[in-house]
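**Student:** Can you read through this structure? Questions will come right after.
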Amino acid sequence: MHASFAELLQMQQTQGGAVGAFTCYNFETAIAVIQAAEARQCGVIFLISEKSFALDYGPALVAGLRAIAEQAPVPVCLQLDHVSDLGLIEAAFKAGVGAVMADGSHLPFAENIAFSREAVAIARRYGGAVEAELGRIEGNEDQALAVQSGALTDPEQAAYFVAQVQPDCLAVSIGNVHGIYRFPPALDWSRLEQVRQAIPTPLSLHGASGLSDQDLEQAIARGIVKINVNTELRASYFEVVEQQLESMRATLNLLSLQRRLIEGQRQIVAARLQVYQRALPDR
């Protein structure tokens, strides 16, 4: 069933645990996410990358993912991830997403506020939600590149930013990155706690693919209620293709390959959801 972004986050903020947000470049990933979420009986978020949506068939991808969401036995929200173009944000809401991640983190502080406020205004016209970012989460959502962490979220700035922008969620930078970590991540737990104390807004953590279960549990315990996963899913996809392609080439059994792709990603999602929901009673 299609679900509200804000309701999913508020429910997790009340109950504990975190919502899993998984980047879906295709239907195999979306089906894997639904299968894993159904087993846990928890809501999830389909993330759509900015580059995917910007393609000619981007709106068709949204329509297909929304159809899967509407037929799902668990709550699902569609979110356009890391978009810095207001035109794309409006187009995404017109196409049927329930939320956008309006990324003005590359802008000076005042300009980030102005950009994020405009994104919120657009979202409200469509009954949608906005996740904003303060600090700078380095890396590339679509490629696995080794990077170092960027500018960290300042708690005092976060309080002012949220008061001015009124986002539904804030992505924090506490040493996390997109893609592959160049060095073992050292997350700034004290900073996260200060941000959590400074604002009531639900917090999200990006770059979870390179973090340990212990790090994720620590993040949730300190106020994170949404966690994004992308790199691990793409790694599983390529691993299955590499392992299965030669043996399946003779028969061109595409359905069998698709089943393997779904199962490989389902295992990744299931393992992540188990960690995200560990604080909750068994379902």
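**Student:** Go through the stretch 1-54 and count every residue that is surrounded by fewer than 17 Cβ atoms within 10 Å (Cβ to Cβ), hydroxyl-bearing (Ser, Thr, Tyr) and closer than 19 Å to residue 71 by Cβ.
**Tutor:** 0
**Student:** List every residue pair whose Cβ atoms sit under 8 Å apart, with the two residues 6 or more apart in sequence or on different chains, where the first one lies in the stretch 84-106 and is among the hydrophobic types (A, V, I, L, M, F, W, C) and the second, anywhere, is in a loop (DSSP other than H, G, I, E, B).
**Tutor:** Within 8 Å, the pairs are 93/126; 93/128; 97/128; 99/128; 99/168; 100/128; 102/84; 102/167.
**Student:** Would it be correct to say that residue 218 is free of Cβ contacts under 8 Å to residues at least 40 places away in the same chain and either assigned to a helix (DSSP H, G or I) or of a type in the set (Ser, Thr, Tyr) (or both)?
**Tutor:** In short, yes.
**Student:** Turning to a different aspect of this structure: Select from the stretch 226-262 the residues that are acidic (Asp, Glu) and more than 16 Å from residue 24 (Cβ to Cβ) and write down the one among them that is modelled with the lowest pLDDT.
**Tutor:** 246
**Student:** Tell me, which helices (runs of 4 or more DSSP H) lie completely within the stretch 32-107 with 1 or more residues that are within 20 Å of residue 234 (Cα to Cα)?
**Tutor:** Of the helices (runs of 4 or more DSSP H) lying wholly inside the stretch 32-107, those with at least 1 residues that are within 20 Å of residue 234 (Cα to Cα) span 50-54, 58-71.
**Student:** Then there's this: Report whether or not residue 204 is more than 20 Å from residue 12 (Cα to Cα) and either of a type in the set (Gly, Ala, Ser) or touching a Ser or Thr at 6+ places or on another chain (Cβ under 6 Å) (or both).
**Tutor:** Taking the combined requirement at face value, the residue does not satisfy it.
**Student:** Next question, about the same structure. Given the conditions (1) of a type in the set (A, V, I, L, M, F, W, C); (2) in a helix (DSSP H, G or I); (3) out of contact with any Ser or Thr (no Cβ under 8 Å at 6 or more places or on another chain), report the number of the one that residue 187 does not fulfil.
**Tutor:** (2)
**Student:** Right, something else. Kindly indicate which of 68, 45 is within 30 Å of residue 113 (Cβ to Cβ), of a type in the set (Val, Ile, Thr) and in contact (Cβ under 8 Å) with a residue 40 or more places away in the chain.
**Tutor:** Being within 30 Å of residue 113 (Cβ to Cβ), of a type in the set (Val, Ile, Thr) and in contact (Cβ under 8 Å) with a residue 40 or more places away in the chain holds for just one of 68, 45, which is 45.
**Student:** Here's another thing I want to ask about it. Using the structure shown, decide if residue 129 is touching a Leu at 6+ places or on another chain (Cβ under 8 Å), buried (at least 20 other Cβ atoms within 10 Å of the Cβ) and either modelled with pLDDT of 95 or more or basic (Lys, Arg) (or both).
**Tutor:** Judged against the criteria, residue 129 is not a match.
**Student:** Determine the pairs where a residue that is more than 19 Å from residue 232 (Cβ to Cβ) and assigned to a helix (DSSP H, G or I), located within the stretch 245-274, has a partner that is small (Gly, Ala, Ser) and at pLDDT 90 or above with Cβ atoms under 8 Å apart, the partner being 6 or more residues away or on another chain.
**Tutor:** 248/256
The values are calculated or read from the model by the stated rules, or taken from the named source; none is laboratory data. Treat the numbers as computed from the prediction; the structure is a model and nothing was measured. Neighbour counts run over all protein chains shown; Cβ positions are idealised from the backbone, glycine included.
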